[in-house]
Amino acid sequence: KIGTSIEDQKKLEEKYSLKVIRKFRLTNSIYYKILSEAEPPALKNKILKYDFIEIVTLNHSLTPNSLSFDSDFSNQWYMENTGQEIQFDTGVAGIDIGWKQAMAIYSKKVNSYVAVLDSGFAKDHDEIKDKNAINSSEFYGEVGKDDDNNGYQDDIYGWDFFRGEPDPYDFIGHGTKISSIISGANDGVGMQGIAPDTFIIPLRIGGKWPDGQERPSIAAVNEALEYVYYKPEIRVVNLSVSLAKGDLLAKTLDKFDQDNRVLVVCSASNGGVDKIGDDNDLEQIMPASLGNDCIISVASIGYRGDLSKFSNYGKTSVDLAAPGERIFVANIEDEL
């Protein structure tokens, strides 16, 4: 809680062998590593009994939410759907994002920047290699020095919040795919990105857990959002993760609402991978169901306009639906 004394904080850390990893300014919270052999759930309950503690969140992994990608699909129906053949099936004309109509009235005023909180960014991929935003303060600064004083040394091309280093390279491909949809090169070759004058700030929020699986962590997501909060050039965040509960994440996004500057685009979740999707009105999915003004919660539809089988939905908790099946994207396998 705000107003907690340094003395009380130090006593708590010493008693339970807690090592400070990172302090979050937005939520007045601290990310600790447990140095003892104590079981985290039991330790959480003990710490919650202190009257100066507001919330305790364990650093669980989150579920990454994917679009339905298909690397063999050679026509971007989501940009313009004319009812063309799509993998031996046909779409419905007009079920698209109206990209051509938008481009007809679009004129560039300034460059825009989207923070993609995902698996990283393959900066050597032809489709996106020129779309990695550059932090000029660090680019023209000294190597090994935090030139812009934001707490992140040499964050020239983004940041890896899972490993705590300045190279958010994408070894999985999902972040690269999302980035290519947003702003793939307009060069007459391969795919066409939706926003031609948008640059990507890649913020890697996931990595390998002890079971060998790659997943985001709560701590990495919160730290990445705080990083965004203090970079005024970022106006849009793409965040495709979900979890059942997340008090710290909710508190962070409350700050975004107060600021009223950054738009956070969230997946409604893929609860229905093997069945009909779940109703987010009945069972809250974080962060898409939070209801904050800064959040747009997005369900997935296919090329016929139907809700994707894997997609969650919600009459009040989901804001809109967008194409999310058989999306033609940049694959890192093509470059390796």
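Tabulated values for the structure
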read-out	value
Selection from 265, 201, 180, by position along the positive dipole direction of the chain (Cβ)	265
Ranked by how many other beta carbons lie within 10 Å on average, peptides 1-9, 17-25 from highest	17-25, 1-9
Rounded percent of accessible protein surface that carbon and sulfur make up, the chain, 1.4 Å probe	51
Cβ-based charge dipole, the chain, positive-most Cα from 87, 248, 103	248
Hydrodynamic radius (Kirkwood) for the chain, which is based on Cα pairs only, to one decimal in Å	21.3
Mean Cβ neighbour count within 10 Å, used as a protection proxy, ranking 283-290, 257-264 highest first	283-290, 257-264
Cα-derived Rg to Rh of the stretch 107-199, Kirkwood definition	0.99
Amide H contacts under 5 Å for residue 170, placed H, 5+ residues apart	121, 122, 123
Burial ranking of peptide ranges 307-318, 189-200 (average Cβ count within 10 Å, highest at the top)	307-318, 189-200
Accessible area of the stretch 1-159 divided out per residue, in Å², using a probe of 1.4 angstrom	62
Solvent-accessible area per residue, Å², over the stretch 199-257 with all protein chains present [probe radius 1.4 Å]	36
Top positive-direction residue, dipole computed over the stretch 1-131 with Cβ charges, set 128, 77, 3	3
Of 100/129; 11/49; 46/208; 231/255; 44/208; 10/145, pairs whose Cα-Cα distance is over 18 Å	100/129; 46/208; 44/208; 10/145
Cα-centred dipole magnitude for the chain, charges only on beta-carbon of K, R (+1) and D, E (-1), debye, nearest 20	1020
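The values are calculated or read from the model by the stated rules, or taken from the named source; none is laboratory data. All of these numbers come straight from a predicted model, not from anything done at the bench. Cβ sites come from the backbone with ideal geometry, for glycine too, and all protein chains shown count toward neighbours. Each accessible area value is taken on the protein alone, full model and side chains, heavy atoms only, with ligands, DNA and RNA left out. Shrake-Rupley method; radii C 1.70, N 1.55, O 1.52, S 1.80 Å.
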